1. In the range 15-32, how many residues are modelled with pLDDT under 95 and open to solvent by less than 30 Å² (accessible area, probe 1.4 Å)?
2. Can we say Lys48 is part of a loop (DSSP other than H, G, I, E, B), in contact with a helix residue (DSSP H, G or I) (Cβ under 8 Å, 6 or more places away or on another chain) and charged (D, E, K, R)?
3. One residue is enough: does the range 180-194 have a residue meeting the conditions closer than 22 Å to Leu47 by Cα, open to solvent by less than 10 Å² (accessible area, probe 1.4 Å) and touching an Asp or Glu at 6+ places or on another chain (Cβ under 7 Å)?
4. Could you tell me whether Leu147 is hydrophobic (A, V, I, L, M, F, W, C) and farther than 23 Å from Tyr78 by Cβ?
5. Filter the range 164-179 down to the residues that are surrounded by fewer than 17 Cβ atoms within 10 Å (Cβ to Cβ) and touching a residue at least 24 places away in the same chain (Cβ under 8 Å) and list them by number.
6. How many residues, within the range 67-82, are outside any helix (DSSP H, G or I) and modelled with pLDDT under 95?
7. Ser12 is checked against (1) open to solvent by 50 Å² or more (accessible area, probe 1.4 Å); (2) within 18 Å of Val221 (Cα to Cα) and fails just one. What number does that condition carry?
8. For the range 146-163, which residues satisfy the criterion of being farther than 24 Å from Val33 by Cβ and open to solvent by less than 30 Å² (accessible area, probe 1.4 Å)?
Amino acid sequence: MREYFNHYFNGSRPVCGEEKQYTLFFYNKLLSVMAKESLDESDLTILKICGIDDPDVRLIGAAFEATYMRDIFSQERYDRQGENRMEQCICPGESEPSFNEMLFSYVNRTFHVPMEYVYLNRNFGKGKVFRVKTTEERQPQQMIDILKGMMNEKPAIALFYESGAKKYLKLLDCKYLSGESMNKGLTQARLQEMIAEFLCERIRAESGENVYPQNGVVYFVSEKNKNWKCISESPEHCIRLEELIPEVLKNTEDVNEK
């Protein structure tokens, strides 16, 4: 056991199997790229792994475990209503559209459910969504699944960047030993695609600024998963753990032998 503990991050076959840990290491690399005025070849390689292939790209912002949906909703609800009125309903037509009105309208393009049927001031990710039952029971349940999925999905990393004259919001999933999960029939990729599209639409509606949605996957590679089919098919989006693990962690000393 002591051997495993002391070499938790050592070599090409580290003991640590936690995806979020390596995602944090990768995020830190992206932050170092963001801090630079000019990018070198290693910086551009990191961006290419994310699917960004432009030597003149400029990172504007980044977030680890980007919970934009619930965070923006919560902050807007607080700013609109104040602490003591959070459970009251925001009704359609009150001043400019709320986060939930825009999210409901985005998902409702397929289902055509009256907006007054919905608890507009509740977090769609938990609790009841509909105040009134509709006659088409199956479609509203599908709608609930999408609304809940979008509110609860946490992209591993979000990047906001400029490339040429355009701005992009890119949501990244990061995978090590796990595969893509499904949420009520919706893949993570599809949910993140919808989140990016919705957020970019909201930015355009409020500011007139064009921001283009993107999503993708970054794969972390070690001896434990080197034969994964998805990795062999997407080598340009892979990074080996030896390149991720900070040098200070690679050769942990046995403190008992000091």
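1. 1
2. Considered against the rule, which asks whether it is part of a loop (DSSP other than H, G, I, E, B), in contact with a helix residue (DSSP H, G or I) (Cβ under 8 Å, 6 or more places away or on another chain) and charged (D, E, K, R), Lys48 comes out as no.
3. Scanning the range 180-194 turns up at least one residue that is closer than 22 Å to Leu47 by Cα, open to solvent by less than 10 Å² (accessible area, probe 1.4 Å) and touching an Asp or Glu at 6+ places or on another chain (Cβ under 7 Å).
4. Numbers: hydrophobic (A, V, I, L, M, F, W, C): yes; farther than 23 Å from Tyr78 by Cβ: no.
Taking the combined requirement at face value, the residue does not satisfy it.
5. Kept after step one, since they are surrounded by fewer than 17 Cβ atoms within 10 Å (Cβ to Cβ), are these residues of the range 164-179: 164-166, 177-179.
Residues satisfying the conditions are Gly164, Lys166, Leu177, Ser178, Gly179.
6. Summing the residues that are outside any helix (DSSP H, G or I) and modelled with pLDDT under 95 in the range 67-82 gives 1.
7. Status for Ser12: all satisfied but (1).
8. Keep residues of the range 146-163 that are farther than 24 Å from Val33 by Cβ, which gives 146-153.
Correct list: Ile146, Leu147, Gly149, Met150, Met151, Glu153.
The values are calculated or read from the model by the stated rules, or taken from the named source; none is laboratory data. This is a predicted model, so every value here is computed, not measured. For neighbour counting, all protein chains shown are included, and Cβ atoms are generated from backbone atoms with ideal geometry for every residue, glycine included. Keep in mind that these areas ignore ligands, DNA and RNA; they rest on the heavy atoms of the full protein, side chains included. Shrake-Rupley method; radii C 1.70, N 1.55, O 1.52, S 1.80 Å.
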